[in-house]
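> Before we start, here is the structure in question, set down as structure tokens.
The values are calculated or read from the model by the stated rules, or taken from the named source; none is laboratory data. Bear in mind the structure is a predicted one, so any value in this text is a computation, not a measurement. Note that we place each Cβ from the backbone using ideal geometry, even for glycine, and neighbour counts take in every protein chain shown.
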């Protein structure tokens, strides 16, 4: 969208270490369901239309996760066509690789769907704000300071499990042809 802020902050890189948040990573390993990365700095005032620009920027994250899930799924399907015997030396390489690709599909779909929840500061909240009329978007953005608390309530209240898990499972079935 033309904003130089991420580039100037050194965040336009495929190096995952530049994107890890130490606390978010630790929380993810401890809970196995909640975690976060360092947010990419964006200055919406560098966009022609800040509200719509943020919507498109927010859509990029979940879109990238879906593309990664599709890529992992494609590789998974290709590798699953290779006939292997238990004694084949390729088995020791391909079986773990196939498992990693399967998990890659699950995690990336989970990240995409979770981030699409319409709760600020998640991408879904920014997308919804971009779709709302300006006055309603300004009102909606006032929820952001409470977003983390809302997410905790949704997660520990079971709402995320009830709605997201079936969607993730359906996505995995569609992409790789089998359940989680």
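> Whether any residue in the stretch 123-144 is out of contact with any helix residue (DSSP H, G or I) (no Cβ under 6 Å at 6 or more places or on another chain), touching a residue at least 24 places away in the same chain (Cβ under 8 Å), within 29 Å of residue 54 (Cα to Cα) and in a loop (DSSP other than H, G, I, E, B) is what I want to check.
The answer is yes, given that some residue of the stretch 123-144 is out of contact with any helix residue (DSSP H, G or I) (no Cβ under 6 Å at 6 or more places or on another chain), touching a residue at least 24 places away in the same chain (Cβ under 8 Å), within 29 Å of residue 54 (Cα to Cα) and in a loop (DSSP other than H, G, I, E, B).
> Shifting gears a bit: Can you tell me which residues in the stretch 102-122 are farther than 11 Å from residue 58 by Cα and touching a residue at least 60 places away in the same chain (Cβ under 8 Å)?
102, 105, 106, 109
> State all residues of the stretch 1-17 that are surrounded by 11 or more Cβ atoms within 10 Å (Cβ to Cβ) and within 28 Å of residue 160 (Cβ to Cβ); if no residue qualifies, say none.
Result: 11, single match.
Here's the yes/no breakdown for (1) part of a helix (DSSP H, G or I); (2) at negative phi; (3) under 14 Å from the mean Cα position of the chain (by Cα):
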site	(1), (2), (3)
28	yes, yes, yes
39	no, yes, yes
76	yes, yes, no
113	yes, yes, yes
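> I'd like the full set of residues that are more than 13 Å from residue 38 (Cα to Cα) and assigned to a helix (DSSP H, G or I), limited to the stretch 1-19.
If the condition is that a residue be more than 13 Å from residue 38 (Cα to Cα) and assigned to a helix (DSSP H, G or I), then 5, 7, 8 are the ones that fit.
> Given the options 137, 179, name the one that is over 19 Å from the mean Cα position of the chain (by Cα) and modelled with pLDDT under 90.
Details: 137 fails: modelled with pLDDT under 90.
Exactly one of 137, 179 is over 19 Å from the mean Cα position of the chain (by Cα) and modelled with pLDDT under 90, namely 179.
Residues are listed down the side, and each one gets a yes or a no for (1) surrounded by fewer than 17 Cβ atoms within 10 Å (Cβ to Cβ); (2) touching a residue at least 12 places away in the same chain (Cβ under 8 Å):
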residue	(1), (2)
27	yes, no
42	no, yes
53	no, yes
57	no, yes
61	no, yes
69	no, yes
73	no, yes
80	yes, yes
